[in-house]
Amino acid sequence: MKLYEYAIRRILLMGLVLFGLSLFMFYLTRGFLPPSFALAPYITPRMNDAQKLALAQSLGVATKSCASFQAFSAFQQSCLVPVWAQYTQWLGNVLSGNWGYTLLPTAGPAAKTTTIFFSRFPFTAQLAVMGAILTILIGIPLGIVSATHNNKLPDHISRIVSLGGYSIPQFWFGYVLLIIFVLYARIGGLGLLPGSGSLATNCAICFANVVTPKAVTGAPILDGIISGNLHFAWDSFVAMILPAVTLSITSIGALTRIVRSSMLEVLRQDYILLAKSKGLQERVVIYRHALRNALLPAVTVAGLLTAFLFGGVVVIEIVFDLPGVGYTSLQAVNVFDINFVELYVLVTALIIVVTNLAVDIIYAKLDPRIRY
Amino acid sequence: MDGSTQDILTVKKLQVNFHTFAGQVKALDGVDLSVKRGEVLGLVGESGSGKSVTALSIEGLLPQNAEVVGGQIILNGKDLLTEKQGEIRTARLREMAMVFQDPLTYLNPVLTVGSQILEILETDRRVFTPVVVAARLEDLNKAAREGTLTEKETREKASLEALLAEQTLGRREFKRLAKAYAVAILGRVRLPEPERMFKMYPFELSGGMRQRTMIAMALVRRPALLIADEITTALDVTVQAQILKLLRELKDQIDASILLITHDLAVVAEICDRVAVMYAGNIVEVAEVGELFKNPLHPYTQGLLAAIPRPDAVRGELTSIKGSVPNLIYPPSGCRFHPRCPSAFEKCPLSKPPLVEARAGHYVECFLYGG
Ligand SMILES: Nc1ncnc2c1ncn2[C@@H]1O[C@H](COP(=O)(O)OP(=O)(O)O)[C@@H](O)[C@H]1O
Ligand SMILES: [Mg+2]
């Protein structure tokens with residue numbers, strides 16, 4: 001089978017996964033909550049009861065024969081539509097992009113769910129991507145050094161770092177970093193790094209009074225670069241340092257341990273002995289012969305780590321007071337904004353399935369024995 | 001058994017221990033061995049007698065829990081045990097090559113056969129430039145003799161001849177010639193369609209083909225010493241015969257000395273010039289092959305040979321001597337063979353017998369012959 005055929009098959013399968021997930025989520029929200037919750041995202045403040053009833057009927061939440069909005073609100077049998085029938089209506093709506101209005105109190109009246117979601121999502125993606133980059137840039141080399149200096153000082157240090165990273169609660173580590181880099185490390189009366197927010201305004205290494213450029217991608221660092229406003233890009237980057245470090249410590253710990261153990265395993269293999277017997281340099285033996293094989297198990301957990309990073313942003317956004325979609329979704333749960341939560345879950349799920357697809361393709365590229 | 005200069009390799013009193021949880025495994029107990037230039041020396045012994053450990057000691061590739069307690073390993077006049085790591089690596093690249101037992105696990109699964117050969121040449125371009133240039137020139141000269149040289153090839157020939165004097169080659173040019181040379185070597189080890197083999201992954205090859213590629217990896221370096229550790233053991237009987245045939249062919253073509261490790265006396269009888277018999281970490285007897293089969297002196301060797309009714313007909317597995325291989329954590333005192341020896345007498349457990357030349361060129365480590 002060709003690679004693209006395999007990709008197409010996997011993409012169809014991905015559609016199936018997302019469909020199943022949406023069905024499951026839908027049942028959890030509609031099957032157990034009163035039908036008025038399903039209506040809530042679509043109501044605007046000035047609607048009267050007749051309009052609300054018409055809306056409920058057009059959304060497929062109330063039957064056509066439902067007498068009044070009061071009857072609907074009181075769950076009268078004649079007004080109730082079975083959950084499966086509601087699902088097809090809902091699916092039609094959301095597939096055409098109609099996710100209704102968000103119920104978030106901070107969003108203001110008649111703010112569209114999608115508008116709020118996608119204005120905050122890029123920020124979260126930026127944070128997660130930075131976390132992923134840090135994880136890879138630190139986790140892999142640390143794992144290699146640990147394995148090649150097995151039971152020597154670098155290994156001990158790396159093991160302490162990875163075990164620590166793996167077991168320290170992120171929010172606590174975040175506050176420790178804040179105390180160190182904002183309160184203690186001060187230069188000229190300013191903290192070395194900014195304490196909170198998406199833009200570094202009051203810190204020793206950031207620019208003062210930068211102009212905020214027009215949002216293009218929604219990810220501040222990118223926007224700054226695109227608009228040529230490098231001061232803004234830098235300040236946004238500086239503001240991301242502590243959050244990204246905090247976000248990635250757990251995954252760095254996990255990846256280091258995986259790379260270390262698989263590297264140790266690979267270094268024991270016969271083909272490493274042959275590579276050495278051929279007179280190759282140590283560097284070639286490690287990076288060409290061992291690393292490629294040792295990365296295979298690490299690549300397989302990349303999907304898992306992505307899920308972990310996207311899940312982890314919620315806490316980070318709270319600790320560092322960042323305008324991302326993770327914290328917003330938490331608030332959405334509190335106000336029963338079910339459409340917002342569903343959008344969040346589905347987009348996150350989409351990212352994870354796409355990562356897994358990428359992982360499978362990379363895996364096949366790394367290991368010629370894999371056939372699609 | 002003096003370290004005369006006609007020896008490519010001399011191993012003297014080599015002692016190797018392994019540190020294990022159960023205790024110290026005294027795997028090599030003063031191994032004496034020499035390989036003359038151009039000869040094939042067979043090293044035989046039961047499984048566990050220390051053949052592989054000897055080979056790995058020579059290569060400087062003992063595992064981390066091993067410790068060389070004493071001795072010398074002199075390759076081409078240099079004592080490898082006192083050399084720096086970098087020097088030993090260079091020796092592995094240029095002077096010796098090892099072919100291992102199981103061709104599946106010793107090839108890197110994610111790299112093509114070709115790249116696993118090319119990387120050897122690319123490790124030291126300066127050293128291998130004359131080799132790859134000469135190989136290409138040989139081809140071109142052959143074509144010239146046959147009169148099939150194209151104009152482009154004639155120009156290439158002239159420029160390569162000039163190059164041979166200067167010995168410098170651009171990176172891309174080197175790579176092109178190295179590839180051609182590697183493909184030629186794959187042909188030399190009788191792999192079908194060497195061009196295609198070059199791009200294959202190990203898992204796409206049969207056991208015999210893999211063993212041939214491993215041999216190619218050794219040949220490509222033109223080693224002075226080739227160590228072959230049970231290279232036919234993991235293969236089917238028919239494939240074994242093919243690989244042995246190849247080895248016999250190559251033996252005459254290349255000017256490498258070969259240390260052929262095996263537990264199969266039939267193999268020894270077929271291709272070796274001399275043979276060393278190993279028992280529990282000692283070389284107990286060394287002689288010309290014909291001499292050893294005719295006149296085995298050591299009781300252990302006699303037992304081995306007696307176990308094979310006719311050496312040319314039966315492949316003898318070396319297991320038919322009474323008793324079993326000793327535990328090397330608590331090895332027997334004196335001669336390590338004495339508990340199993342039918343001719344043991346009171347002197348045997350007391351001290352280790354010296355290696356004596358009992359007949360011309362026939363050495364034995366046994367008190368029956370003096371010492
Ligand atoms: N890595 C190791 N750790 C401990 N003991 C070992 C190790 N490798 C080999 N030995 C011991 O060294 C002795 C010789 O082994 P080896 O050279 O592999 O025998 P063979 O003659 O079959 O090649 C055996 O007793 C074996 O148990
Ligand atoms: Mg062995």
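The values are calculated or read from the model by the stated rules, or taken from the named source; none is laboratory data. Treat the numbers as computed from the prediction; the structure is a model and nothing was measured. Heads up, the Cβs are rebuilt from the backbone with ideal geometry, glycines too, and the neighbour counts pull from every protein chain shown.
With respect to the conditions (1) away from chain A (no Cβ under 14 Å); (2) modelled with pLDDT of 95 or more; (3) buried (at least 20 other Cβ atoms within 10 Å of the Cβ), B:I120 lacks only one, and its number is (1). Within the range A:86-124, the residues that satisfy the criterion of being surrounded by fewer than 18 Cβ atoms within 10 Å (Cβ to Cβ) and of a type in the set (F, W, Y) are A:Y87, A:F118.
Okay, residues lined up against (1) under 24 Å from B:P353 (Cβ atoms); (2) within 16 Å of ligand 1 (Cβ to nearest atom); (3) modelled with pLDDT of 90 or more; (4) touching a helix residue (DSSP H, G or I) at 6+ places or on another chain (Cβ under 9 Å):
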{"position": "B:D229", "(1), (2), (3), (4)": "no, yes, yes, yes"}
{"position": "B:T233", "(1), (2), (3), (4)": "no, yes, no, yes"}
{"position": "B:I254", "(1), (2), (3), (4)": "no, no, no, yes"}
{"position": "B:V284", "(1), (2), (3), (4)": "yes, yes, yes, yes"}
{"position": "B:K294", "(1), (2), (3), (4)": "yes, no, yes, no"}
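Yes or no, residue by residue, for (1) within 14 Å of chain B (Cβ to nearest Cβ); (2) modelled with pLDDT of 95 or more; (3) within 18 Å of the chain's Cα centre (by Cα); (4) not in a helix (DSSP H, G or I):
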| residue | (1), (2), (3), (4) |
| --- | --- |
| A:H231 | no, no, no, no |
| A:W234 | no, no, no, no |
| A:V238 | no, no, no, no |
| A:A254 | no, no, yes, no |
| A:R257 | no, no, no, no |
| A:V266 | yes, yes, no, no |
| A:Y271 | yes, yes, no, no |
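Here B:G38 meets each of (1) more than 14 Å from ligand 2 (Cβ to nearest atom); (2) crowded, with 17+ Cβ neighbours inside 10 Å with one exception, condition (2). Entry remark, the range B:41-79: residues being within 14 Å of another protein chain (Cβ to nearest Cβ) and within 11 Å of ligand 1 (Cβ to nearest atom) number 10 in total.
Within the range B:94-117, restricting attention to residues that are of a type in the set (A, V, I, L, M, F, W, C) and in a helix (DSSP H, G or I), which residue is nearest to the other protein chains (Cβ to nearest Cβ)? Quick ask: steps written out before the conclusion?
Going through the range B:94-117, the residues of a type in the set (A, V, I, L, M, F, W, C) turn out to be B:96-100, B:104, B:107, B:110-111, B:113, B:117.
Next, only the ones that are in a helix (DSSP H, G or I) stay: B:113, B:117.
Numbers: B:V113: 11, B:I117: 9 Å.
The qualifying residue nearest to the other protein chains (Cβ to nearest Cβ) is B:I117.
Let's see how each residue does on (1) outside any loop (DSSP other than H, G, I, E, B); (2) away from chain B (no Cβ under 14 Å); (3) without any contact (Cβ under 8 Å) to a residue 24 or more places away in the chain:
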position: A:T217; (1), (2), (3): no, yes, no
position: A:G224; (1), (2), (3): yes, yes, yes
position: A:L247; (1), (2), (3): yes, yes, no
position: A:L274; (1), (2), (3): yes, no, yes
position: A:L304; (1), (2), (3): yes, yes, yes
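A search for C-beta distances below 6 Å between a residue of the range B:42-55 that is closer than 12 Å to B:Y279 by Cβ and any residue that is in a strand (DSSP E or B) and within 9 Å of ligand 2 (Cβ to nearest atom), counting only pairs 6+ apart in sequence or on different chains, returns B:L43/B:I261; B:K51/B:I261.
Assigned to a helix (DSSP H, G or I), more than 30 Å from A:T217 (Cβ to Cβ) and either among the polar types (S, T, N, Q) or out of contact with any strand residue (DSSP E or B) (no Cβ under 8 Å at 6 or more places or on another chain) (or both), is that true of A:W90? So A:W90 fails the test. Pick from the range B:88-110 the residues that are within 21 Å of A:N293 (Cβ to Cβ) and of a type outside the set (A, V, I, L, M, F, W, C): which of them is nearest to ligand 2 (Cβ to nearest atom)? Filtering the range B:88-110 for residues that are within 21 Å of A:N293 (Cβ to Cβ) and of a type outside the set (A, V, I, L, M, F, W, C), the one nearest to ligand 2 (Cβ to nearest atom) comes out as B:Q101.
Would you pick out the residues in the range B:1-29 that are within 16 Å of ligand 1 (Cβ to nearest atom) and surrounded by fewer than 19 Cβ atoms within 10 Å (Cβ to Cβ)?
In the first step, residues of the range B:1-29 are kept if they are within 16 Å of ligand 1 (Cβ to nearest atom); the result is B:11, B:14-29.
Result: B:Q15, B:H19, B:T20, B:F21, B:A22, B:G23, B:Q24.
The single residue among B:G42, B:G70, B:G38 that is of a type outside the set (A, V, I, L, M, F, W, C) and not in a strand (DSSP E or B) turns out to be B:G38. Restricting to the range B:80-93, and then to whatever is within 10 Å of chain A (Cβ to nearest Cβ) and in contact with an Asp or Glu (Cβ under 9 Å, 6 or more places away or on another chain), can you tell me which residue is modelled with the lowest pLDDT? Out of the qualifying residues, it is B:Q85.
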